[in-house]
Structure formats: C-alpha cells, structure tokens
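Read the structure below first, then the notes.
The values are calculated or read from the model by the stated rules, or taken from the named source; none is laboratory data. Here the structure is a predicted model, which is why all the values come from computation and not from measurement. Here the Cβ positions follow ideal geometry from the backbone for every residue, glycine too, while neighbour counts run over all protein chains shown.
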Amino acid sequence: MAPHRNEHLQGTLALLVLRTLAQRGPLHGYGIVSHIDAASGELLRVEEGSLYPALHRMTQAGWLKAEWRLSENNRRARFYSITPRGRERLAEEEERWSRVVKGLSRMLRFA
Amino acid sequence: MEWWRRLVALCRPRRLADDLDDELQHHLEMRAQEEQARGASLVEARLAARRRFGSVALAADRSRDADVLTVLDTFLRDLRHAARLLARTPTVTLAALASLALGIGANTALFSVLDALAWRALPVREPNRLVQVRLSGHDAISGPAWRVLRDHASGLDGAFAWGNARINIGAPADSRFVPAQLVSGRFFEVLGVEPLRGRLLDVSDDRAGGGPGGPAAVISAALWRREFAGAPNTIGRRLTVDGQPFTIVGVAPASFFGVDVGRAPDVFLPLETEPLVRGRDSYLGDWYSRWLRGFGRLPAGGSLEGAASALQGVLPVLHDSLPRTWSDEDRQSHLRGAIALVASPSGTSWLRERYGRALFALAPVVSLVLLIACVNVANLLLARAESRRHEFAVRLALGASRAQLVRQLLTESLLLALLGAGIGLGFAWAAAQLLVAQLSTQALPIGLQLSLDGRVLGFTVALAMLTAVIFGLAPARHASAAAPVDALDRRGHSARRRSHFGMANGLVTVQIGLSLVLAIAAGLFLRSFTQLVSRSPGFDRRALAVVNADVGRAVETPADRTAMYDRLLDAIRSAPEVKAAAAAINTPAAGWMWTTSDVRLEGAPPASNLSRVEVFVNAVSSGYFATMRTPLVAGRDFEVRDAIRAPRVAIVNETFARRWLSAGPAVGASIRFGEDRGGGLQIVGVVADAVYRRPQDRIPPTVYLSLAQARPRPAISFVVEPRGPAATMLASIQRAVARVHPEVTLEVRSLDRQFNEALLQERLLAGVSTTFGALGLVLAAVGLYGVMSFAVARRRRELGIRLALGAAPARLKGLVLRDVARLTIVGVGVGVVAALVLVERVGDLLVDLPPTDVVTWLVAIGTLALTAFTAGYLPARRAARVDPVTSLRDE
C-alpha cells in the first residue's frame, strides 16, 4: 500500500501535530514528520511543504508554543510544544474525529 | 494578542525572514542526513530532500503570511512600491508635492486661526456651561448694574464680570503699557482656573481700595517670564499700576487668557480697585458706561431657559437701584426688556467680531486653491498612468486583479497627499503666525493661542485623505480600464486612448474655471483696497505723527486740564524739530468715535432738525486744520479768542453743510446739541471732508468744537508735523513735555500707521487673495502646459505626417493653439458662471465696488487668457518643430 498523502485527510494535519506534541513533548518540524511517519507505520505521510505554514498558524492561534533550541545535530532549530489551549483543541479534534470514524464504520458495515 | 505579535513580526522583517530560512533549512538538512545514512551520496541526498519537501519558497511565503498582519503587510508593500515609483520621476513628484503642500498648508493655516478664534472652547473648566448676560439688548453692562447682579442674581452657579483696560506698569516718565483686565472676585473661581504660582484673585480682593493685604494683582505667565525672568520670588513683589502700588499675589497659567479670545491680558486686577487705577476718571459707578461683560455658569444639568427665568427676579432690584434723580422716562429707556442669557462656550471676542467675516470669506479662496492643486496632481498622475498603461495591461494579463491595480494607485495618491500634508503643516504653522501678526496692531495687540493640536492635525490628515481620493480617483479609474489584451501591443496603445484626453481636458477646463474665480476674487479685493488707499482722506497722513497724552494724573480740576492742553501744545510747538502742531480730542482712524444723534438747527422749523441722524463730533485747537492740511472752504479757523467763556463756536465739514445748511450761507448759522443746556453754537467755518473713524466709511457729517470750549478729558492727542526725521523729534517732544509736568504719560505713533491699521481687513483680504490668485494661475498654467505637452507628444506621428505632406509649421502651431483656445474658452465660461454665484457673498466686504465690477472681471479674464496662451505656446512651438523623419521612424 502506497503511503497515504494527507490531501485525503483534510483537517487532520492539526490533529496529527497536536497528538504528536502531546505525546512526545517539544519537537522540531522534522521530528514531528518523523514521528508521524513512524507511528503510523509510514501509512500517513505529512506533506512537508504544508507542515510549516500550519505550524506557524497554530502558533499564532495559541495552540502551540515555539522556542529556539539546539537540535540533536547541534544546530539552531525551532521546537514546538503544546499549550493548555492546544490540549483543549486536541480533545475537541479527537472527539470530532472519533465521531467521523464511528459514522464511517457504521456506514461501511450496514451499507 | 495575536495581532500584536503579528505586528511586531511585521516590524522586524529581516529577523522574520532569517528565522524562517533557518527553520526550513534545518528540516532539509535533517532529511538529507537521513538519506545519506541510507547510503545516498551528498548530492543525491540533498535532491531527495528537496523533492520530498516541495516548494521551499511557497512554504516560506505561506508561513510568513501566518506570522504577520497580512492587510498591513500588503499595504506596506504597496507603499514601498509607490515610494520607488515616485522617486523615479522626481520632477513630477516635486511639482505635485509643492502644489499639494501649498494647498493643504493654506487650508490648515486658516483652519487653525479660525479654530482658535471661533470654534475652540475656552481652556477652562466645563466651558459648555458658560453663558453671557445681556441687559437691555446690550452685550456690555455698567458697573452699578454688575453690582446688583452680583449681589442679587439667582439661578446661576456663580457669576463674574470683567472689563478691559490698558495700564502703565512703568514709571510715568518711562511708560510701559500692557493690556489688563479688571475682574470681579469670582472670576477665576467660576472659570475653574488653577494658579501657576501663588494664588489667584478672590472675593476678598474685590473691595474698593483692595483686600486685607492691600491691592492685589495676578500677572500672566508671559509677563512673569518677560519682566521677572520667571523668578519664584515674584510673588509678593510690588507692581506699579498707573502709579498705584499693587502686590503680585500669583501667576495665571500660560494657557489662560481670560474669556475674550484674541486678547492676552498681562495683568488681572480686582474690579473694585478700578477707582484706584483710573483715579478721577473712574466710571465704575456710572450707569451709562457699559464697559463690563457679565458671565455666569449654568448649574450642572440646568437649562439656559431655566437660569434665564430665575434671573429675571433681579430686574425689580435693578430698577430700584437706578439713581433717584432720574425721570421715569429715563428709567424706562435704561432698562428695557428681559435679561437674556447667551451660551458662550468660546467666550467673547472683539477679534472674531471684527475679522471673523473676512477670515471666513477666505475659506472658499483657500479651498479653491487646494481644489486646483488636486486637479493638477490628478492630471500629472493621469499622464503617468497613461504611460504606465502597458505595465497595467501586463500585470492584468499575469493575473493581478483590477482591485489590486486600483489599490496600488490609491496608495500612491495617499502617499503623495500625506507627504504633501506633512510639508504643508510646516508651511501652515508659519502662515498662521503671519496671518495673526498681520492683524495685530500697536493699539490692539493680538494674543491668539495657535497650536498644532489634535484638532488641527486631524483636520490636516482628513484633508490629505480627501484630496488623495479626489485626485487619485481619475487615474485609478483610468488604470482599471486597461485591458489585458493591450499587453500584446508593443507600446500599450489602444484604440481607446481618447478617453484619457477626454478626462484630462475636462480637468484642465475645471482648473481654468476655478482659477478664474480666484483671479476675479483677488481682483475685486485688490481694487477695493487700492481705491481706498488712493482716495484722499482729506488730510496729509504721511507727514504727521500722533502724540497721545494722558494728563489725568497731572492735573486736578477739569478747568486746569484745558490750561494743561495749552501748556503742552506750546511746549511741543517750541521743540526745534517740530514744524507745526495742534491738539484734538480725537484723531482720524484712532478707532473710537464721539457721536451725537441730537443736533438741532436754531431757528429752523422742527422738520429740518437733525435728530436721529448720527453726527460725528471732535474738539480741536486752532491750527488743527492747517497742520492736517485739511482745506478751509469758508469762514475762519478757531482762534485764541474762542476761549471757554467766549461765544460758543463750531466748524462743520462740507457734508454737514451740504445736507443741512444748503439753504443759505453755512457760516453764521447756529446749531444746538440736544442734551447740551449751554446754548447754541455759531458756525464760523466750513472745512473739506475728512476721514473720521475708518477710511472705509462714508465721510460722516462732522462738527468740530473749539477745544477750549469743549468738556475737558484726561486724554488729549496732538498731531505733529516734524521738520526732520521723526525719531529725533520724539525724544525732544518727550523732554519738552516732561518739563511741563513729569506725570504726563505719552504715546506716539505715526498717523500713516494709524490709518493703515484701520485698513487691515481690506489689506489682508487683498494680500491673501492676490497671493492665492497668482498661485491659482500658476497652477492652472502648469496644468495646461502639461496636458498640451503630452498631447503634442502623442500626436508626433500625426504631426510628422502632416509636415511630410507639406503642411506649414505655422499651421501646426495654430492647430495646437486652437486646442488651447477651446479649453480656455470653455474654462472661462465655467469660471464666469461659478464666479457669478460666489461673488455675491463677498459683496459686503468690498468698499464702493459692486461685486460684478466689469473692469475687474475683464482684467481677470484677460490675465487668465494670456497665462493660458503662454502655457500653450511652448508645446505649440514644439509641435511646429517636429522632425517628420524621426517622428515616423519612432513609431
């Protein structure tokens, strides 16, 4: 099965990012991509070009906090972490997503 | 505070860009490292990382959009683009900026003066609750009436009164006159003013002879700095007021000037100390001297009507307070009607009453200038938009929206307008000061607080926005009409090019029309003024000096005053530099008048008596008419024998003689002043008409009395003709007068200056409107020149073909000039119609000149036509010199 590009999963990027950061603590952009790749067993592949605008938007919205730190290769990198407002948002997104999944699976079962 | 973070990010664009770059590069490096770890070469790894990522530039751009205020960001980008464009055509930009700066500056200057004069509320506590008290239809009230109001008025939350005075704070020999106000006890309290230093006057000071600590005075912050260098120990020092000692108890705040806008009193004295200051000439107790203004404060939440009706309770008290000796008739006529209250948040103002009308008349003049400037800039921008048509077409073809193009152009206009407003503000500041300085005279110095405050700045910015829209609209509309298909045309020409000329021609026509209106207005004011100045005033004003003397302190009884006049006159005449001198109670154009409306002809039937016609009166010494060079038409001048106990005599002017004594010889007839029980006056002479109060007025019927026979006053004037330069004469007069009596105070000015100061309003109107009229003409000429030059440039090919086919260069010149003539004629038509509508409104400001004065109109039209021809001639000559070969090859 080919890696799944996220255009089929509109609106899930925020969910994936929030979930990742909630679980793993502060990460830079590349770290977030790697984690999503690994955790989804490479089934979900984040479009990297869209990741950064999304990260900046979410930071401006106050869901994420960004700070500059040294990364593992000793370079200056921007690390993102989730804020309390981001956690609230994550809960809402997860709730919404589980409803979608539940609805979809019922449809697939009874259709 | 998301917008705040975004704004901060916007203000640090370099940092933002660097950070973004770092972040994205970091990602690419990490990916490349991973690929290398899997065995790829460095080049392959990097390529793979880029492939996986997609467009780095796009990601950076979209991230940036998330970080900054997008609206502001686009605006700033537009602004930078606009600034670059403006800098690329410096001549056009400078021309536009200069005309805008002048237009906006002139409007701002006038606004700041009018605002300070008429619109701004007084800088006191809650000015909206201030009301003026009017009694018997008069704005001014007398001292006794004020005392009654003070003690018995109800319905007001405090009342106060004040009167203006000019006081001498120097020694008598070294007189230094400053403007002062005599104010009642609650003046400062009711206005809610806090002292800058010390304390302000209060009720305890407002007693005859002064308060418990003696007579107290409050000085202005300006006087404190000027005379006392702002020293803290000024409080408690002595201030000599007309020879009387006062103690300085405090300094008023710098922003405070009282309630009379345009006056800047330097000293505030308690009203009840007026008799100390004026001595025997006090009129605080005189019912007939209405020299005070009464003000009050409405109770919080109270209405004007409520306060007024409560105040009527004072009327019976007032009535009972009138002198017992008065007849019922006199009482009735003295107290007529109800007490009225007038809301006066901006106080009162002699300046507003005197010049407000003229200043308001200048408002349309300066707005016309701005309008012409706008049209000019619109034309300049339109010409540039035309040459940028190809650029617009390309941008449209590349996917820019029309809204984006219009936004870009309006940003350019706004930038121009704001820059122009910025420069104009500096110009306005200087112009406003100049305008006020023009109106300030020796006798009535103006203290008007001009400030570049929020209101003025707001006005300027609003004006700049408005102008940007006015002149930016035409080019923007034009640009939005560009079609993407035009991008294919190598030069961006299209079949619709005529539309630009339609618009440009229309604008130039309007411009010519507007500048004609300005030229006509300027011509009318200028002609009215020159007529006034060149008209003979009936005396020789250039050679003479006026010496005003105050003998009130030097002599005891009125009879002694008359003797003092003679001694002073003799002393002045004996000074070696004095050629001739004479004394008079009033001098021409001095600013005040002595009139009576109750003159009767002796022996004439009642029908011909002169009652109810205002007759002007003056009292002069012998030699007055000779010194003034006013010709004696019949009879004789006053002589020494016309002394106090001799038969009473009078001299009348020609207007008086013509109107009432035409039946027989004027000399020998007798007249009588109604209120005068002393007997008739025999007319012994007739003199030529001469200006009395103002050069603008028709010369009034005038009666001159013999100075020796008139009631003596403390103030007397001398007209003096110097033998040599005036300056040396003055010192010698001062010495001569000091020898007569050291306590006579003197003040000298030239009659010419006194006369000119009476013409200030006319001079101001003529000067300002002529300046702006000329400016309007220049702007219109520049506009016409620009449009015609552009037209010739566009028609080079056509002109080249005509030349090649054998047309004479003179014909080509004629072709262009015909266009100029057509535009001018239409413009003049527009202007004449507009002017006809507008000039009627300034008719009352013109002296002896109808607003439709044909000569003025023809001269204005001629000047405009000549200017237009000159402006059009250069492009026309260029048209005749087109080289057919190059012009055809160019295409």
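Considering the range B:614-689, the qualifying strands (runs of 3 or more DSSP E), each wholly inside and each with 3 or more residues that are closer than 22 Å to B:LEU544 by Cβ and out of contact with any helix residue (DSSP H, G or I) (no Cβ under 7 Å at 6 or more places or on another chain), run over B:615-620. Checking every residue in the range A:12-34 against the condition of being touching a helix residue (DSSP H, G or I) at 6+ places or on another chain (Cβ under 9 Å), assigned to a loop (DSSP other than H, G, I, E, B) and at pLDDT below 85 gives zero matches.
Farther than 30 Å from B:ASP266 by Cα, part of a helix (DSSP H, G or I), out of contact with any strand residue (DSSP E or B) (no Cβ under 7 Å at 6 or more places or on another chain) and of a type in the set (A, V, I, L, M), is that true of B:ALA378?
On the way: farther than 30 Å from B:ASP266 by Cα: yes; part of a helix (DSSP H, G or I): yes; out of contact with any strand residue (DSSP E or B) (no Cβ under 7 Å at 6 or more places or on another chain): yes; of a type in the set (A, V, I, L, M): yes.
Criteria met by B:ALA378.
Of the numbered criteria (1) touching a Leu at 6+ places or on another chain (Cβ under 8 Å); (2) surrounded by fewer than 15 Cβ atoms within 10 Å (Cβ to Cβ); (3) of a type outside the set (A, V, I, L, M); (4) modelled with pLDDT of 90 or more, the one A:TRP63 fails is (2).
Mind checking whether some residue in the range B:712-726 is among the aromatic types (Phe, Trp, Tyr) and in contact with a helix residue (DSSP H, G or I) (Cβ under 6 Å, 6 or more places away or on another chain)?
At the first step, the residues of the range B:712-726 found to be among the aromatic types (Phe, Trp, Tyr) are B:718.
This time we only want the ones that are in contact with a helix residue (DSSP H, G or I) (Cβ under 6 Å, 6 or more places away or on another chain), so: B:718.
Within the range B:712-726, one or more residues are among the aromatic types (Phe, Trp, Tyr) and in contact with a helix residue (DSSP H, G or I) (Cβ under 6 Å, 6 or more places away or on another chain).
Screening the range A:68-111 for residues that are part of a strand (DSSP E or B) and in contact (Cβ under 8 Å) with a residue 40 or more places away in the chain and picking the one that is farthest from the other protein chains (Cβ to nearest Cβ) gives A:ILE82.
Give the residue, chosen from B:ILE235, B:ILE248, that is over 16 Å from B:VAL178 (Cα atoms) and either free of Cβ contacts under 8 Å to residues at least 40 places away in the same chain or not basic (Lys, Arg) (or both).
On the way: B:ILE248 fails: over 16 Å from B:VAL178 (Cα atoms).
Only one candidate passes the filter, namely B:ILE235.
In summary, B:PRO123 fulfils each of the numbered conditions (1) of a type outside the set (A, V, I, L, M, F, W, C); (2) within 20 Å of B:ALA428 (Cβ to Cβ); (3) touching a Ser or Thr at 6+ places or on another chain (Cβ under 8 Å) with the single exception of condition (2). Does B:ARG822 satisfy being among the basic types (Lys, Arg), without any contact (Cβ under 8 Å) to a residue 60 or more places away in the chain and under 30 Å from B:GLY806 (Cα atoms)? Yes; evaluated as a whole, the condition is true for this residue.
Hey, any hits in the range B:723-739 for a residue that's closer than 30 Å to B:ARG648 by Cα, hydrophobic (A, V, I, L, M, F, W, C) and in contact (Cβ under 8 Å) with a residue 60 or more places away in the chain? So that I can check it myself, show each step before the final result.
Taking the range B:723-739 as the starting set, the residues that turn out to be closer than 30 Å to B:ARG648 by Cα are B:737.
Filter once more, so that each one left must be hydrophobic (A, V, I, L, M, F, W, C): B:737.
From what is left, the residues that are in contact (Cβ under 8 Å) with a residue 60 or more places away in the chain are B:737.
Yes: one or more hits.
Elements of the type helices (runs of 4 or more DSSP H) sitting completely within the range B:14-100 and holding at least 2 residues that are of a type in the set (A, V, I, L, M), without any contact (Cβ under 8 Å) to a residue 60 or more places away in the chain and within 14 Å of chain A (Cβ to nearest Cβ): these cover B:42-53, B:56-67. Evaluating B:ARG389 against the criteria (1) at pLDDT below 80; (2) surrounded by fewer than 21 Cβ atoms within 10 Å (Cβ to Cβ); (3) more than 24 Å from B:SER99 (Cβ to Cβ) leaves one unmet condition, (2). You will find that of B:VAL92, B:VAL43, B:VAL71, the residue that is under 19 Å from A:HIS56 (Cβ atoms) and not polar (S, T, N, Q) is B:VAL71 and no other. In the range A:49-60, the count of residues that are touching a helix residue (DSSP H, G or I) at 6+ places or on another chain (Cβ under 6 Å), within 12 Å of chain B (Cβ to nearest Cβ), among the aromatic types (Phe, Trp, Tyr) and part of a helix (DSSP H, G or I) is one or more. Only residues that are closer than 20 Å to B:ALA82 by Cα and free of Cβ contacts under 8 Å to residues at least 12 places away in the same chain: list them for the range B:423-470, please. Matches in the range B:423-470: B:LEU466 only.
Kindly provide the set of residues from the range A:19-44 that are among the β-branched types (Val, Ile, Thr), within 14 Å of another protein chain (Cβ to nearest Cβ) and over 13 Å from A:ARG78 (Cβ atoms), ordered by number. Full working, then the answer.
Let us first name the residues in the range A:19-44 that are among the β-branched types (Val, Ile, Thr), namely A:20, A:32-33, A:36.
Pick out the ones that are also within 14 Å of another protein chain (Cβ to nearest Cβ) and you get A:32-33, A:36.
A:VAL33, A:ILE36 - these are the residues of the range A:19-44 that are among the β-branched types (Val, Ile, Thr), within 14 Å of another protein chain (Cβ to nearest Cβ) and over 13 Å from A:ARG78 (Cβ atoms).
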